[in-house]
Amino acid sequence: MAETKEKSLSDEKPKPRVRPIVRLGIFLISHSFHVSVVCCTAGVLALFLLPVLAKNTYISENALMPGSASPMLSNQHVSDGNRLVKDLTNPNSKSSETGIESHKIIAQYMLDLGAEVSFHKFHPQMNQFHPLHFFSSPDSGKIQENYSCSSYGINTVGIIRAPHGDGKEAIVLVTPYNALKSGFGEALSLGIAYSVFSLLTQVTWLAKDIIWLVADSQYGEYAAVAAWLREYQTPKFSSLSTPNAEMCPDVNNLFELKGHSISGSKFSNSFRRAGTMASALVLKVRDQNEQFEDTISIYAEASNGQMPNLDLINVVNYLAVHRQGLRVNVEKLWSLLNSSWLKSLGEIFESLAKVAKSLYPKWKFGIPATEYVEGTATLASSLYYQALGVPTGPHGAFRDYQVDAITLEISPKFSLDKVWRNDILLRGGRLIEGVIRSVNNLLEKFHQSFFLYLLTSPSKFVSVGVYMIAFAFLIAPLPMVAASLYVDANSSSNCSKGDSSTPSAITDTDEHSIAIRSWRWLNSAKLVFIVHLWGAIVSLLPYFISQIPDCSPTTSFMIWVLLSILSLLTLNSVLASPLACAKATQEKEWALVKSVTISSVFIGLGLMSVINFATAEIGALLMVPMCLLAQPLKLDVRAGTLRSFCRMICNLVLGHIAFPPAALFLLKGMLDGFGNANVGDFWMWVESLWAWNSATYLFIGMVQLPCWVLCISILFHTC
Amino acid sequence: MVLLQRPHILLLLIDTHQFLQCWIAFGSANEEGQQQEEFSEELLVKPLPDHKLLAHFHFQSSAPPSTSNGCHHHLFPKAISQLVQKFRVKEMELSFTQGRWNYESWGGFDPISSSNAKPPGVELWAVFDVPQHHIDASWKNLTHTLSGLFCASINFLESTATYSTPEWSFPPASGNVRYGTFPCEAVCTENLTPWLRLLPCRDKAGIALLLDRPSLYRGFYHSQRLHLTSTESSSEGIDSGIILEQTLTVVLQPNSERAIEVHASEKHVQPSWSLSSIFGKQVSGRCVLAKSSSVYLLLDWGLVAELKFPNKENGKSAANGLTSENFWSNPSFELSVNPDRIFLEESSSHSKSLSILYMFQVEKYSESEPFDIGLMWKVPVAWLCQQTPLHASRFFMGSGNERGAIAISLKSTQFTEGFMSANSKDGSCELRVDVFQVVPWYVKVYFHSLRVFVDQQPRAVSDFIEKIHVSPSKDKMSPGVMEVVLKLPCRVNTAALTIEFDKGFLRIDEYPPDANQGFDIPSAIISFPNFHASMVFLEDDSLNRSPLLSKFQEKCPVMSYTEVLLVPLTTPDFSMPYNVSTIKCTVFALYFGSLLNVLQRRVAEEERFLKAKAAKKTGRLPLLLSKLSAKLRGRRREPLHSPPSSSSFINSKLVLKVILVAGLAVGWQYFFS
């Protein structure tokens, strides 16, 4: 025994001592298969554990003090609000075709309260694809030459100046309103806003100015708010369009209001401003009624997965639940609520937690299975909307200017009773009053609480420190596998060479062959680069396709696919055909290609996780297994074992799922059934992505699609 | 000897000169009895168009240019006179303001608004009578003194990065001006009390009795101002006569409780008020030390035009004949007290109508019969105050933490259009606008990016800017100052100036405690030197004494302040120093740990030790460890089978035992808890 020990020690002696960290690295690389299996499982498991790990929200900023003051909104204000609702729903007010009458009514009501009123005309700007405008700050927009008098919207803006304030900051209250076909809900939301507004003209505690924006939503809620914000933040002093707009008869008609009003100085047709916006609330009332109780939905996701400060959501949630007795909702994926596998998973977690708790009473991490299912559904929708990068409401426009904003949608338990209407006005109004009062208390801007978080329920959140773990687990195996593949490819070719040639021959050609071999990966890197270049071209193509007039989504999509294939073929032929030449030289070429692909995917995912975490997370869920499993089908067929067969099946399935259009198709199918999905949907979806400057579009075009192509090319590699 | 003697002679000369002066002054004071220290208290009340009420308190004390009493005074506050003497202050103005002056509805073209509408927070400017190189030192001392005197953080204006030296655009144009503002100062009663202490009767008697703190601070605008001028600026500085003018301007809402209840139909009726209902107090006689004590009620000419006095034509005669009751028994309003005098504005630049001033003498009233005027409105009236020629507003453009732009937009207030055309000379009517803007250093303004837009057209800067003076900011040293003289055509509708800036970075210790609020950019001053706000009232000799009315007669240029802006700068994570030190400590620990490790290690010794250990019979745990390390090394020991087989057997046994015990424990816990 001792002898053998000594022998082994003497064997080791000539070798230089390897540092432990390097040893650990080598160990991980050599066991990359096990490591990657463990890591991926852990990543997916961690993702499913997130609802369990979610913490309760708390109000981080002490200055907010929500609910510490008793609400001042009285029945007097409610009846004021009711008066406005009645006037607006009055059929007489809708006689005018452009809905100017109702704007006048609103403006008159604001004036009567002593607020400063102005109208803001805007021309709806179509969102267009600007290939190089991703991530750039919102510009003041192009002036459109060809608009007609009929296509403009009017925002009515009322401003209350805080009596003691210095006017440096302002709180914005937005109510979208379509004067042409307003439902009762919109009128009701105006009523709530008006009752709050009428209260705020009288209070003495106001420190920030209040801006009430009645956004004309006939061209979309977002467009109206965005147009107003554009004018507020980046006004154009030299505008050629205004003289034309003045010529439109309706506009002049609108400004006749000035004559009617007695306190004329409060009204002006020029744009009015208050200070820096501290936060914004968008208030909506849904027409469609809720069956059980009055609920309020919070929408917070802005473009590219940006979220408002968590404190804002906390304040709304706290006031709604604990003060006004409203049920608070955040968006859920409803289809997940009934899934049985999720329920059983929840039950497993619950029973595990029970066991753990019985072992050690301080381990209290379990949540009931139903709660788990709801949490997962909320988390999934939170991830989905953040990943999409498209704002979920008009509040998204504020986020572009670093203003914290959320949309509150009240869905009342509907009845035609007048008592009910007063009740909803009172409770909604008191909620808004409380939120405004809390924000008004703020000395600093929102900064205390989280900006990076996922919601699992209105009162529970997962912070960035926790949800990063799942993602880190998912992408951790990528560099290891890449390294191990690289090492494998090098060493295997080394071995094969060693076998074929005599030992004496090695010595002189060794240096040279090593030098060549060590640079062999450049070939694969070239291929990967070409495919990524192609990805960039593909993501630019829609800009040109969208210039084609009268194109249905389906045909556009077809053109896009055709052009993409064409460009891939041309690129392939122009820049040599690396696949072919690689095949000739090395049989292990695919391993190198896979290694480089995996590294590029790692870089892409890492970058994306900084820009939009949710996109990276979903992308990683799709791409990491595909990248790791990819192996030429030929090899698997040749091997013929059960394991290789399984891998082949997995590869084929993943190869289908990870193709972006297929992924979308599946997602759509899961959400609303496969019946109404069609090919044009993808085009529309992509169109919406680039219209909102979503980074997800870039991710799909420049990371996911090339990765998919490379994986497919590996699958069909002829070795 | 001669050299030594000369100073003596000089001193003697000075001494005699002083003595003579004193003597003369004393004599003159004795002779005329006029040059006594004087104090007068006045209150002006003016209804505003938006149902509010302006109350303007005006206290003036003056010390004659004499030192008859050495450095002692009868009435004049000693603190102020000492301050003037010590720092050679020629002229100084300090204002504390809360709220904003609403230029649109409260007007900007009358003496009250153009001299009493101030930017929020503290504003201080001073003119010194000292050599150029001493000015900064004097300013610093002055700020500290005032800060102590008024319980305010005026001392922050001491640092060179906060105050500026206006060259010519600031009204008291002279090289010795220093100007500083501190917009985020919260003004409250602690600033008012020291201000009141400067009055001879404080707030114990006279008109100052009305200054009830809760009702004052409930108002919409509150500005307390202290303006002093030393009339005679002799080189010694001792003999100067000082005039101290203390004003307090408040805008209040009369009986706001009722305003809630009234409905839209009644809302146009101006609320009726009385002094006791606004301030909750009454005046019970004058301050006995005051030379004059009077209350004025001013009806704006716009309001007078609306009221349609029955005999407008012979208004002047009515003003002379005090008995004419036409002016206070008007069908549209009623005064509760008959005024002692009525003044009509003598001549106004606007021909439409003339302002009316009612005067009430407080002397007549006493404790038993307190003075209280009230105004009852009978019919709704609406009128507009006269505004500045151009309404100025300032705002930020752009978003993000990197850069932005400041825009000053000027909008014509059609109101004064006719007036302007009247002012035009030989067809080429021009409107001069002075803009004075101070920008803190962390807002790095690019002066070359100044752009001018007139009537929504981009125009060449040289076309409209007649004169410009720029002093760029120095980091942490001095703010950027921009003074511009614009010559705009009279018919201009809108004009805008934009200037771009980059946001600077501050060091972590330069951030204030509430850094996330953002940083203030002080108000810009927009003045119209061609326009003068003055009110001249028909007067007889006795009126000459009223300091308030003589103040109204002075021609002061129309001035308005823009809003204070809040620029959000990038703020670091303030827990960062903590994190950095933690990381630093970790790195150090790692570094020194490995260094020590390397230093300590003796390779030969280690090998010997390992051999000795191998010679010994190895225990179970070391075997386990060695196996694990072998595993870590990449299974290089794989061929050695015989010993591990036994050890693995032992190991698995051990593991089994451990698992069994743990399982038992878990089961025990599970079933019996």
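Numbers for the structure displayed
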item: Cα-based shape type of the stretch A:585-719, given that a ≥ b ≥ c are square roots of the gyration tensor eigenvalues and the cut on a/c is 1.5; result: oblate
item: Relative contact order for the stretch A:148-238, counting Cα pairs under 8 Å that sit 6 or more residues apart, in percent; result: 44
item: Computed Rg/Rh of the stretch A:148-213, alpha carbon atoms with Kirkwood Rh; result: 1.07
item: Shielding by other protein chains, A:269-275, mean Cβ within 10 Å; result: 4
item: Least to most buried among A:120, B:74 (fewest other Cβ within 10 Å first); result: B:74, A:120
item: Protection-proxy order for peptides B:241-250, A:652-661, each taking the mean of Cβ atoms within 10 Å per residue, highest first; result: B:241-250, A:652-661
item: Net +/- balance of residues flanking residue B:79 in space, Cβ distance below 13 Å, scoring K and R +1, D and E -1; result: +3
item: Formal net charge of residues neighbouring residue B:494 (Cβ-Cβ distance under 13 Å; K, R +1; D, E -1); result: +3
item: Computed E for residue B:661/residue A:338 - FRET, C-beta separation, R0 45 angstrom, nearest 0.05; result: 0.50
item: Packing-based order for B:476-482, B:656-662, using average beta carbon neighbours within 10 Å, highest first; result: B:476-482, B:656-662
item: Inverse of mean 1/r across different Cα pairs in the stretch B:423-556, Kirkwood, Å; result: 18.2
item: Radius 11 Å from Cβ of residue A:74, net charge of other residues (Lys, Arg +1; Asp, Glu -1); result: -1
item: Simple spin-label estimate for residue A:184 and residue A:443 in nanometres, 7 Å along Cα-Cβ; result: 4.8
item: Backbone N within the stretch B:107-147 under 15 Å of label point (7 Å from residue B:155 Cα along the Cβ vector); result: B:140-147
item: Cβ neighbours within 10 Å from other chains - mean over B:99-108; result: 3
item: Cα-projected label distance for residue B:367 with residue A:573, points at 7 Å along beta-carbon direction, nm; result: 11.3
item: Percent of alpha-carbon pairs separated by more than 23 Å within the stretch B:87-223; result: 40
item: Gain on full stretching of the segment that runs from residue B:584 to residue B:462 - 0.36 nm per residue minus C-alpha separation; result: 38.3 nm
item: Ranking of B:365, B:179, A:58 by count of other Cβ atoms within 10 Å, fewest first; result: A:58, B:365, B:179
item: Spin-label pair residue B:505/residue A:684, simplified geometry with 7 Å Cα→Cβ offset, distance in nm; result: 4.8
item: Per-residue average of Cβ from other chains inside 10 Å of A:158-169; result: 6
item: Efficiency of FRET between residue B:491 and residue B:556 - r from beta-carbon atoms, R0 41 angstrom, step 0.05; result: 0.95
item: Relative packing of B:220-229, B:196-205, which averages over residues the other C-beta atoms within 10 Å, highest first; result: B:220-229, B:196-205
item: Pairwise FRET efficiency - residue A:562 versus residue A:540, Cβ, R0 = 25 Å, nearest 0.05; result: 0.95
item: Neighbour-count order for A:552, B:293, fewest beta carbons within 10 angstrom listed first; result: A:552, B:293
item: Potential extension, residue A:649-residue A:31 segment - 0.36 nm per residue separation minus Cα distance; result: 220.1 nm
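Coordinate-derived values only; no laboratory data. The structure presented is a predicted model; accordingly, all values stated were derived computationally and were not measured. Methodologically, a virtual Cβ is constructed for each residue, glycine included, from the backbone with ideal geometry; neighbour enumeration extends over all protein chains shown.
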